[in-house]
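Take a look at the structure set out below.
The values are calculated or read from the model by the stated rules, or taken from the named source; none is laboratory data. Keep in mind that this is a model prediction, so the values were computed, not measured. FYI the Cβ positions are ideal-geometry reconstructions off the backbone, even for glycines, and counts take in every protein chain you see. Only protein heavy atoms, including side chains, enter the accessible area calculation; ligands, DNA and RNA are left aside. Shrake-Rupley method; radii C 1.70, N 1.55, O 1.52, S 1.80 Å.
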Amino acid sequence: MKGNERLIATLNSLLADELTAINQYMVHSEMCANWGYGKLHEHFEKRAITEMKHAEKLIGRILFLEGTPVVSELKKMNIGATVDKQLASDLVLELGAVKSYNEAIKQAGEVGDCATREVLEGILNDEDGHVDKIEELRDQISQMTLPMFLTTQI
């Protein structure tokens, strides 16, 4: 099925966002593992896997719409040198994703591609959950201080 070219371009932009997120989360995951924060390592690793699944869905949809997935482009990554900076940069990343998915959902509706809109809505729900989890971790840091929080992540 030949899809709308503008929507395919948007899907490729979202794909670049997801591929960037995968890399950022994997680096953060390995940094936390290196520091001995096993729980945070697992948290970031699971999020990277979720982002991989998003990328897979986007690639599948682009192909279905007879487009060409662009997997060679990444956006700017912001690697945090500390856990609190990692969470801050991840929050910016996820808030950007929520905004981009909302815009893409609107665009898919405007071109009458309800199936693509449905795929994007599913991913958006995951991104909303990521924002919620990051805010939860940041709240814990705020309430118990960073050193105390980190002792719970070993």
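Computed quantities for the displayed model
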read-out: Total residues in segment 95-125, condition in a helix (DSSP H, G or I), touching a Lys or Arg at 6+ places or on another chain (Cβ under 9 Å) and not small (Gly, Ala, Ser); value: 8
read-out: Of all residues in segment 55-70 being out of contact with any Leu (no Cβ under 8 Å at 6 or more places or on another chain) and under 30 Å from Leu137 (Cβ atoms), the one that is least open to solvent (accessible area, probe 1.4 Å); value: Lys57
read-out: Residues of segment 97-154 satisfying the condition of being farther than 30 Å from Leu63 by Cα, open to solvent by less than 20 Å² (accessible area, probe 1.4 Å) and β-branched (Val, Ile, Thr); value: Ile134
read-out: Residue within segment 55-75 that is within 24 Å of Thr145 (Cα to Cα), modelled with pLDDT of 95 or more and among the charged types (D, E, K, R) present; value: no
read-out: Identity of the residue in segment 1-16, more than 16 Å from the chain's Cα centre (by Cα) and of a type in the set (A, V, I, L, M), that ends up most open to solvent (accessible area, probe 1.4 Å); value: Met1
read-out: Hits in segment 34-54 - residues which are open to solvent by 20 Å² or more (accessible area, probe 1.4 Å) and of a type in the set (Lys, Arg); value: Lys39, Lys46, Lys53
read-out: Test: residue in segment 4-19 that is under 17 Å from Ile123 (Cα atoms), touching a Cys at 6+ places or on another chain (Cβ under 8 Å) and either of a type in the set (A, V, I, L, M) or assigned to a helix (DSSP H, G or I) (or both); value: no
read-out: Among (1) more than 17 Å from Val92 (Cα to Cα); (2) of a type in the set (Ser, Thr, Tyr); (3) within 10 Å of the chain's Cα centre (by Cα) - the single one Tyr25 does not satisfy; value: (1)
read-out: Residues that are open to solvent by less than 40 Å² (accessible area, probe 1.4 Å) and either at pLDDT below 95 or aliphatic (A, V, I, L, M) (or both), drawn from segment 17-33; value: Leu19, Ala21, Ile22
read-out: Failed condition for Ala81, given (1) open to solvent by 30 Å² or more (accessible area, probe 1.4 Å); (2) part of a loop (DSSP other than H, G, I, E, B); (3) in contact (Cβ under 8 Å) with a residue 24 or more places away in the chain; value: (3)
read-out: Residues being hydroxyl-bearing (Ser, Thr, Tyr) and either touching a Phe, Trp or Tyr at 6+ places or on another chain (Cβ under 6 Å) or within 21 Å of Leu65 (Cβ to Cβ) (or both) - total across segment 106-154; value: 1
